[in-house]
Amino acid sequence: MRLPDGAARPVAVPPGPLLGIDPDAVFPVTEIPLTTGTLLVLYTDGLVESPGTDLDDSIAQIADRVAAADDRDLDLFIDTLLGKAATTGQRTDDIALLVLQHASRP
């Protein structure tokens with residue numbers, strides 16, 4: 001999550017079952033208040049997991065990129081987040097990325 005002041009941090013949410021494994025699975029629900037200017041970045045493990053890399057370090061690196069990226073153009077913002085993932089040959093999983101921006105109403 002990137003706050004309106006530009007600070008970014010991971011959001012702690014309870015883990016749930018893997019998608020598609022159990023059609024009767026119950027998933028935990030987490031409410032996160034979003035103020036105007038907040039960005040919520042949701043991604044799959046393919047963005048942060050790679051062989052020989054500490055997961056906590058990878059998540060911290062994503063948070064740093066989220067904080068540093070220009071959010072005036074969300075397409076470019078997403079390209080910035082995917083940039084390193086696209087150039088490394090160590091990726092072993094697909095990547096899904098969803099960026100939500102809480103904007104004020106015109």
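No value in this document is a laboratory result; all are computed from the given coordinates. Note that the structure is predicted; figures quoted are calculated from it, not measured. Positions of Cβ are generated from backbone atoms using ideal geometry, with glycine treated the same way; all protein chains shown enter the neighbour counts.
A compact table of results
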{"read-out": "In order through the stretch 11-28: 3J(HN,Hα) via Karplus (6.51 cos²θ - 1.76 cosθ + 1.60), integer Hz, x for Gly, Pro", "value": "9, 7, 10, x, x, x, x, 5, 5, x, 7, 10, x, 9, 4, 10, 9, x"}
{"read-out": "Contact order normalised by residue count of the stretch 39-101, Cα under 8 Å, 6+ apart, percent", "value": "60 percent"}
{"read-out": "Using θ = phi - 60° and Karplus 6.51 cos²θ - 1.76 cosθ + 1.60, couplings along the stretch 62-72 (whole Hz; Gly, Pro as x)", "value": "4, 4, 5, 5, 4, 5, 7, 6, 6, 9, 6"}
{"read-out": "Sequence-separation-based contact order of the chain, relative, with Cα cut under 8 Å and 6+ spacing, percent", "value": "37 percent"}
{"read-out": "Förster radius 22 Å - calculated FRET efficiency between Leu3 and Asp75 (Cβ-Cβ, nearest 0.05)", "value": "0.55"}
{"read-out": "Using a Förster distance of 25 Å, the FRET efficiency for Leu18-Ser58 (Cβ separation, nearest 0.05)", "value": "0.80"}
{"read-out": "Potential extension, Val26-Ala96 segment - 0.36 nm per residue separation minus Cα distance", "value": "23.0 nm"}
{"read-out": "If the convex hull is drawn through the Cα atoms of the chain, its volume per residue in Å³", "value": "131 Å³"}
{"read-out": "All Cα pairs of the stretch 39-101, percent lying beyond 15 Å", "value": "48 percent"}
